[in-house]
Amino acid sequence: MERPDALLFDLDGTIVDSRIPYSRCMNYALARIGQPERAPEDLYQFLGPPIHETLIDHLRVPEDLVDRCIQLYRERYVAIGMDETEVFAGVPELLRELHDRVPLAVATSKVLTLAEPLLEKLGLLALFETVAAPSPDTINESKAATIASALEALGAPGKPVMIGDRFYDVVGALQHSIPTIGVLWGVGTEQELREAGAAALVKTPDEIPPLIEL
């Protein structure tokens, strides 16, 4: 791959392992609006798309209960979920190594009011030039739109690269003609990432710098 002049990172499934807090917060919210809870492993596949889309299209939550469900989800996440979130092994070292070599940004579907505090709590926020994420009142912002915000904040780099674990990352980046490095330590499968058009796949964070000549 060509040496990039900016790197955009997905958050959930790429920087942090959100499976436990995500499934627990989702089941907490579902139970309190009278909807059936789901097995945690059944919920992991929904880490990636906007939460409105997940609740309506995938979990079939009645539309009149969606806003309350999201409110409950976010309340638990702020109170408990951040403490349940772990950074993937090797990622902090990767970010600190790359920080001195190329501008870094986060492009995530997690709302900004959760994403920035999480990164701050984990001691990673200062490593990024910007965190692009939907505002709490935004409904179903596409990954392409989030990536566009990140690119604008970075000053429109000429050779950016996306790094993510789901096909949403790959497809969103391709809409800007940006290649994606698919990471295999997240939720997305190798088949999912290949079929979406990932430019390369890595199994561990330390594979990334030599791949992009950094």
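Kindly check whether there is at least one residue in the stretch 194-210 that is in contact with a helix residue (DSSP H, G or I) (Cβ under 6 Å, 6 or more places away or on another chain), in a loop (DSSP other than H, G, I, E, B) and assigned by TED's automatic domain parsing to the domain that holds residue 104. Yes, some residue in the stretch 194-210 is in contact with a helix residue (DSSP H, G or I) (Cβ under 6 Å, 6 or more places away or on another chain), in a loop (DSSP other than H, G, I, E, B) and assigned by TED's automatic domain parsing to the domain that holds residue 104.
Cβ-Cβ distances below 6 Å connect the following pairs, each with a first residue in the stretch 1-20 that is touching a residue at least 12 places away in the same chain (Cβ under 8 Å) and acidic (Asp, Glu), a second residue that is outside any loop (DSSP other than H, G, I, E, B) and crowded, with 20+ Cβ neighbours inside 10 Å, and a separation of six or more residues or different chains: 10/164; 10/169. Considering 142, 149, which residue is hydroxyl-bearing (Ser, Thr, Tyr), in contact with a strand residue (DSSP E or B) (Cβ under 9 Å, 6 or more places away or on another chain) and surrounded by 16 or more Cβ atoms within 10 Å (Cβ to Cβ)? Going through 142, 149 in turn, just one is hydroxyl-bearing (Ser, Thr, Tyr), in contact with a strand residue (DSSP E or B) (Cβ under 9 Å, 6 or more places away or on another chain) and surrounded by 16 or more Cβ atoms within 10 Å (Cβ to Cβ): 149. Check whether at least one residue in the stretch 127-146 is of a type in the set (A, V, I, L, M, F, W, C), touching a Lys or Arg at 6+ places or on another chain (Cβ under 7 Å) and closer than 12 Å to residue 10 by Cβ, and report yes or no. Yes, there is a match, as at least one residue in the stretch 127-146 is of a type in the set (A, V, I, L, M, F, W, C), touching a Lys or Arg at 6+ places or on another chain (Cβ under 7 Å) and closer than 12 Å to residue 10 by Cβ. In the set (1) buried (at least 21 other Cβ atoms within 10 Å of the Cβ); (2) part of a helix (DSSP H, G or I); (3) out of contact with any helix residue (DSSP H, G or I) (no Cβ under 6 Å at 6 or more places or on another chain), residue 21 fails one condition alone, (3).
Counting only residues that are without any contact (Cβ under 8 Å) to a residue 12 or more places away in the chain, of a type in the set (A, V, I, L, M, F, W, C) and either assigned to a loop (DSSP other than H, G, I, E, B) or touching a Pro at 6+ places or on another chain (Cβ under 8 Å) (or both), the stretch 99-142 holds 0 of them. Residue 111 meets the stated requirement of being among the hydrophobic types (A, V, I, L, M, F, W, C) and either more than 22 Å from residue 179 (Cα to Cα) or modelled with pLDDT under 95 (or both).
Filtering 130, 180, 146, 85 for residues that are under 19 Å from residue 3 (Cα atoms) and among the hydroxyl-bearing types (Ser, Thr, Tyr) leaves a single hit, 180.
The values are calculated or read from the model by the stated rules, or taken from the named source; none is laboratory data. It should be emphasised that the depicted structure is a prediction, and the values quoted were computed from it without experimental measurement. Every residue, glycine as well, gets a Cβ built from its backbone with ideal geometry; the counts of neighbours run over all protein chains shown.
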